[in-house]
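What follows is one structure encoded as structure tokens, with my remarks underneath.
Where a number appears in this text, it was derived from the coordinates with a stated rule and is not lab data. In this text the structure is predicted, and so the values were computed from the model without any measurement. Don't worry about glycine lacking a Cβ; one is built from the backbone with ideal geometry, like all the others, and counts go over all protein chains shown.
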Amino acid sequence: MLLAVVLAVLAPSCCALQSFTRSDFLHLTRNGDQLYVGAKNRIYMLNTQLNGVQEVETGPKYDNVECLVHLSEDCTAGKILTDNYNKILVVDSVSGKLVTCGSVYQGTCELRNLNDISEFEEFRQDMTRAVAANSQESSTVAFIAMNNLYVGTTLINNNRFVDRATDVPSFSIRGIDANSFAFDLATPGTPFIPDKSALFYKTEEAEKVEFVAGFNSSGYNYFLFNLYLKNKESSSYIAQICESDNLFESYVEIPIECGATFKYIHAAIATTTEAGEQIIAATFTNTTTQSGRHSVFCVFKLSDVRRQVASNLQQCFDGGVQRGEHFDKISSEECHQESYTVPDDFCTENTNNNPYSGSTAITSDPIITSDKLMTSVAVSSASGSDVAFIGMSTGHVKKIFLETREDGQLIEEIVIQEGSPILKDMLMTDDENHIFAMTTNSLYKVPTHDCGRKTTCEECLSMGDPYCGWCSLENKCSVRSECGNSNLAKRWLTFEAWSCIADSFEKREFSTQDGQQTITITIDELPSETVSNKYQCVLNGKAIDAMVNSGNEISCRIQSSDMPTIPTGEDNVEQDIGIKSTETGVTFLQNTITFYNCSVHNECTRCAKSNWGCEWCVHSHECNCPRMLHTSEILIANNVATTFTLRAANLAVPKSGQSGYKCHVILGSPEQIVDATRVSANELRCNEHTYSYEPLSAKETASIQIKWNGHFEVEDHAVVQAVVYKCEVMGADCSACSSLSETEEFKYGCWWCDGQCAFKEWCEQESLERQLTCPKPNLEMISPLNGPKEGGTFLTITGSNLGRHRAQVNNSVTIGGKPCPVTDYKTSMMIVCKVPEGDTDSQISVTISENTIAWEEPFVYKDPKPTRFEPNIGPVSGGTILTIMGQNLKTGANIELIIGDILSNVTCDIDLESSTDQEMFCTTPSVAAMNGLTRVTYPQNGVVFMRFDEVKRDLNNDQEFEYVLDPTITAIEPLLAFESGGRTLTVTGENLHSVKKPKIFIMDSSGRKSNKTDCFKVSKKKMIYICPSPRASLSLRRKRESDSMKQYQLGLDMDGVQSVKNLSNFLVNSKLTITKDPEYYEFMHKKREYRGEALKLNGTNLNLGCTAGDVRVIIGTQRCEVKSLELTELLCTPPDKQPEGYPRKESLPIVT
């Protein structure tokens, strides 16, 4: 929960806000590009640029609150010039009308032309047309659903001649067709019956109803209001009515609260989140007075509201509660008790207890709190996230990133009109780039984002604004729509990105003496190249094409002519280098590299002191030592005489008396030393030599070092290596070997001859010229042999001589005569293909070079049907073993159970070995570590479904799994037990319900554990387990007979929760003391005659590890009540009558 944030309050930095200024604004609504503002005595029509289009005058009017609605009737109270406050302003897009209702004429209404608001019809026939509140301070809300107007109106009796509480219902449904029944309490086509088409509150019970909002969603209509009752605590309520119910027969109201103390709702809207979840976003206060008032913002899922409504109504059907003392005109205030289960989607199936006022609130935790009043709310979506805009009494708007329904982050606070409260009606533009916010005298068009004020990626992403992201290849902070190809990966980095686009250099210093140089740059978050987007290095104003070596590494080859000139008297120069996109033409990264030249130093001291690793070469008296450079791939066939050439720089000509260059090749042991020839200052040839290695591997890497004049090693500026290979291993069979000579792998020079793969030079010419036909394919294994009937299973075929290259096998596999398209291939050894759809057992055939092999077992098409799973709850640390039930569960190659919508889906690890077609087991993963990546609050529910290869299967009834916080242990008692175990230990803590099968164990100081015993839950409500104390195994028992007691550490096995494995880590009193087992003596002569006194049992160690409450004494089949327990004596009271014998009734009862 966000409690306090220190943040600068921002005025929009881009420009002055567009605004429309008049006075006494009250309501705002919209129809496409037209805005309508309802005010005192005025209605305005504007365009979305806030230019005035039309203004009509609606007051003041000659009226009196004590007058009736008829204009023609005389009024005893006398008419005076009365201000008309707009109470209802609703667009009826079906009829093209604007519904307007004012406070004059008892709150009657008009239907205005949406395109010309001066054209209107008024409806004031009688008091049945009194719709809205008739005073400035009284509330009214209205909305259109099912072509009717739904209205909530504050109760107010301010007329001596008319009882408004009787004539104007608290809740009503009114027709809005432009006919004689308009605004009457009328069902479409026929008049309503007033006490059926409306719902009335009793004024003697309900002191005040303050309506806040109303809306339609998913088949229901809702009202939100504050209800002030005389005999109950005042609170905010949400009322639910089925949209097909015109008679309020499905009406249920329940309290709605944000946190424990915020029970007065102030503003609310209904909307749909980016994830498609329908929610109510609302603000609440803790008091109706100014003193000590704070406000909060909460979000409620409408599905949770429906469930809570059903739960409250269920209490009524269960009996013993009132329907609601404040309802007027209902048959009974008592709930009608009957056996009926209320469904979550309750409508009008059983209306015996409607209307009903429930007492159990729907609650949510505050996302943000403030000591200022939150006056309005709007919600938008951006980049897969939801953003709330909260209007404040200060004239500011808070912009909140909604991380979850219980948590949010304040992005910024925008000044709209300092000191002027933002009114409740706040609207979003269609593109969600602006909101319309209104004070009493001005309407503003406010941008929802101002990304461009941030100029670096770090600044942009640190705003935490879902609207804004870093447009990587345009080097700007922008909304997604303003970034080219933002749908491509890494082109537009969101605020949740791990890091910004950034470069790091393999090295930053380059010698101009080495001629051509390759600059390698690693770029984090580098977007992939496309046809239109390539990368270039920009050096000294010249763009040089770059090569992408891997996903995020590029290299640019710099020619000597492109290198900068080093100033006279200097040994280096810095040069800016940029990375440019050919698509955008923008240099989006900029850095600096250095070019240097050691040869400018002609003294040993200056050479050694340079910053570039220059070395004084004592043999040539130059500041320029020889070094090896990167050489392209060097390939050497095993046991084949080979010569190869290496790239170098500054290779000096050996002088008289100096020995030449040697290649030291390290390939196993010993090191092989080969003479080398200096071809030029930049090239060295290792002379012909035969290299070999012993391991039976396809390739081995040899390291190469160059030395000259005996022991002087030429410096390596790049790792110089060679690959030594064996054709006979690389080409294990004919097809594999042939592939090496038919594709780009021909670089190895391998050839199939005389029944083996060999280096081509070794083959007889006759063998090379012979037309080669490889043997028939050999199939060793095919897996799996079943899959879903929709297809999509990846079938893996292994064997030998399975083709020489991909093109040869692309159409080689069929299942039931249908092609199985190849998706992966390993030359000669493996084919993977994607199974087509089918519904009968089908033959698998493989054809290579016209040789067809049929597998002996068919491929079986199955229809997997997972139905349910258990348990449905587990800790965030995972480790919960789920059992999935169904049919044909063991189907396909890749079977997954997925818990949806939790951190973008969580996959449960399935134990295929233990699973069958009817029952499958999987272990939930830990999601605790993910909290560091994405802030998550728990519990988190996710719908469970399964994937069989590419086929999704839902379980019955969209069953959900719930991740809850890990259990914590707060106490365990008693801490004394016998060696043989079995004493009841009581474990208390929090979130214990998250683990269904906990076990307890003991361990000694060395970590040796006992066997585990099962723990059992005491009740659903109490977080208490009872666990029989574990038996101390022989290895854990007392070492000496004289040791009467020994302490052990206690641990709990609770799925994957590690913190409870050793309770001593966090509980001070958690070690279990193990004592000797009690020993009870037999009766003398094995019988005891009972004469009415207490039964005494003797023994030793009787109370070392237990109390009297732990011991049960049974005589035959009945209990002997234990009265006392001492070290050597137990007393119990036998039953009054002799119990039956056990196991034979006729025998004497045995004492146990």
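Rounded to whole Å, the principal axis extents of the Cα atoms in segment 863-964 read 39, 26, 23, largest first.
Angle of helix 302-318 to the longest C-alpha principal axis of the chain, folded into 0 to 90 degrees and rounded to 10: 50°. Among the listed pairs LYS445/LYS476; LYS726/LYS747; LYS834/LYS862, a Cα-Cα separation exceeding 19 Å is found for LYS445/LYS476. Packing, as the average of other Cβ atoms within 10 Å across residues, places the peptides 870-881, 500-511 in the order 870-881, 500-511, highest first. Using the rule -39500 (n - 2.57) for each DSSP H run of four or more residues, divided by the residues of the chain, the 222 nm mean residue ellipticity is -1000 deg cm²/dmol. Within segment 1072-1115, which trypsin sites (Lys or Arg not before Pro) sit in a loop by DSSP and count at most 16 neighbouring Cβ atoms inside 10 Å? In loop regions of segment 1072-1115 (DSSP not H, G, I, E or B), the sparsely surrounded trypsin sites (Lys or Arg not before Pro) are LYS1087, ARG1088, ARG1091, ARG1112. Of PHE948, PHE595, PHE712, PHE1066, the sequence from fewest to most neighbouring Cβ atoms within 10 angstrom is PHE1066, PHE712, PHE595, PHE948.
For segment 627-725, the Cα-based Rg and Dmax, in that order, read 13.3, 45 Å.
Among residues other than LEU410 with Cβ under 12 Å from its Cβ, the summed charge is -3 (Lys and Arg +1, Asp and Glu -1). Computed from the Cα positions only, the extents of the chain along the three principal axes stand at 132, 111, 72 Å, in decreasing order. Partners of LYS1086 within straight-line reach, counting lysines whose Cα lies under 16 Å from its Cα and excluding those fewer than 8 residues away in the same chain: LYS1096. With a simple spin-label model that places each label point 7 Å from the Cα along the Cα-to-Cβ direction, the separation between LYS699 and LYS542 comes to 3.5 nm.
Where the alpha-carbon atoms of segment 480-533 are placed on the principal axes, they occupy 48, 27, 15 Å, in descending order. Bridging of LYS1017 to lysines at a Cα separation below 20 Å is possible for LYS996, LYS997, LYS999, LYS1061, once same-chain residues fewer than 8 apart are set aside. For GluC sites (Glu not before Pro), the sites in segment 300-398 that DSSP calls loop and that have at most 13 other Cβ atoms within 10 Å are GLU333, GLU338, GLU349.
The Rg/Rh ratio of segment 20-148, with Rg taken over Cα atoms and Rh as the Kirkwood radius over Cα pairs, comes to 0.97.
Most simply put, the chain has about 90% antiparallel DSSP beta bridges, counting only bridges with both residues inside it.
Dipole magnitude for segment 627-725: about 320 debye, using +1 per Lys or Arg Cβ and -1 per Asp or Glu Cβ, origin at the Cα centre. Dipole orientation for the chain: of the candidates LEU651, CYS908, LEU629, CYS908 has the Cα lying most toward the positive pole (charges on Cβ; Lys, Arg +1; Asp, Glu -1). Loop-located trypsin sites (Lys or Arg not before Pro) in segment 970-1034 (DSSP state other than H, G, I, E, B) with a sparse environment of at most 10 neighbouring Cβ atoms within 10 Å: LYS1020, LYS1021. Taken about its Cα centre, segment 1079-1133 carries a charge dipole of about 240 debye when Lys and Arg each add +1 at the Cβ and Asp and Glu each add -1 at the Cβ. Taken about its Cα centre, segment 863-964 carries a charge dipole of about 200 debye when Lys and Arg each add +1 at the Cβ and Asp and Glu each add -1 at the Cβ.
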